[in-house]
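Working notes, structure below.
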Amino acid sequence: MTNAIVFLGIQGSGKGTQAKLLAEWTGYQHVNIGDLFREQIASQSEIGQLVKSIIARGDLVDDDTVFKLISSSLQPSIAGIIFDGFPRNRAQAKFLMANYKLQRVYYLSLGQAEALKRITSRRVCSSCGENYNLISRTPKLEGICDLCGGELKQRGDDSDAAIAQRVKEFYAQTYSLKKLFADSGLLLSIPASKGIVEISEDIKEDFNSL
Ligand code: AMP
């Protein structure tokens, strides 16, 4: 079975940033389900058409579509996978544990108020997809990507209503997975308020001990 690492946490906790850093360091494939869905929507594929309105509302996409998308996006002969935004409910957690060798779940803990502040400050480059944050990672020039000069925008599903719905879904369906993984001895909880580099160092040190 393929090795897997999971990043769990409320929206805005920095899962994506840490998952990307760990993927670069380990050579594991980084799988961000939300990004995969946004690519499908942009290319107007069949899956894209199917999930567009669901994602715009901030609801969860059905499990079978998520499983299909994961299977179709995995690269051959990889050392492992880093899941970011998956699993989000019990059925997905079961699927994960049945099909992968789960090595560790990193839980980035952050309160709801701070999470909401971070998500509303999130900006993404409309050309290259680089992520910014108006509080913690500001671009050198307002509204312009440091890397490619593209225009920075709010994500389409970062409307106030969709954000509120995603946070609601997190507490209704995802939060209980923290206990599930803790009971299996797989969870490492890290305060998301620590700096990006500090969190990344903690994770690397832990990963080396696996
Ligand atoms: P994210 O970028 O992680 O906030 O995900 C954006 C949207 O993609 C979510 O609001 C869901 O509609 C969908 N999505 C992402 N991951 C999953 C998942 N594991 N299960 C179901 N829907 C998902």
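The values are calculated or read from the model by the stated rules, or taken from the named source; none is laboratory data. Just so we're clear, the structure is a prediction, and the values are computed from it rather than from any experiment. We place every Cβ from the backbone using ideal geometry, glycine too, and count neighbours over all the protein chains shown. Ligands, DNA and RNA are stripped out before the accessible areas are found, and what is left, the full protein with its side chains, is counted by its heavy atoms. Shrake-Rupley method; radii C 1.70, N 1.55, O 1.52, S 1.80 Å.
From the list S136, S121, S126, which residue is more than 16 Å from F7 (Cβ to Cβ), modelled with pLDDT under 95, open to solvent by less than 60 Å² (accessible area, probe 1.4 Å) and among the hydroxyl-bearing types (S, T, Y)? Of the residues listed, the single one that is more than 16 Å from F7 (Cβ to Cβ), modelled with pLDDT under 95, open to solvent by less than 60 Å² (accessible area, probe 1.4 Å) and among the hydroxyl-bearing types (S, T, Y) is S121. Does L22 qualify as being surrounded by 15 or more Cβ atoms within 10 Å (Cβ to Cβ) and either near the ligand (Cβ under 10 Å from one of its atoms) or charged (D, E, K, R) (or both)? It is false that L22 is surrounded by 15 or more Cβ atoms within 10 Å (Cβ to Cβ) and either near the ligand (Cβ under 10 Å from one of its atoms) or charged (D, E, K, R) (or both).
Against the numbered list (1) of a type in the set (G, A, S); (2) away from the ligand (no atom under 13 Å from the Cβ); (3) open to solvent by 20 Å² or more (accessible area, probe 1.4 Å); (4) under 14 Å from the mean Cα position of the chain (by Cα), G16 comes up short only at (2).
Taking the conditions (1) away from the ligand (no atom under 11 Å from the Cβ); (2) modelled with pLDDT under 95 in turn, L108 satisfies each one other than (2). Looking at I33, I70, I47, I41, just one residue is open to solvent by less than 60 Å² (accessible area, probe 1.4 Å) and either near the ligand (Cβ under 7 Å from one of its atoms) or small (G, A, S) (or both), and that residue is I33. Here S193 passes the criteria (1) modelled with pLDDT under 95; (2) of a type in the set (S, T, N, Q); (3) touching a strand residue (DSSP E or B) at 6+ places or on another chain (Cβ under 7 Å) except the one numbered (3).
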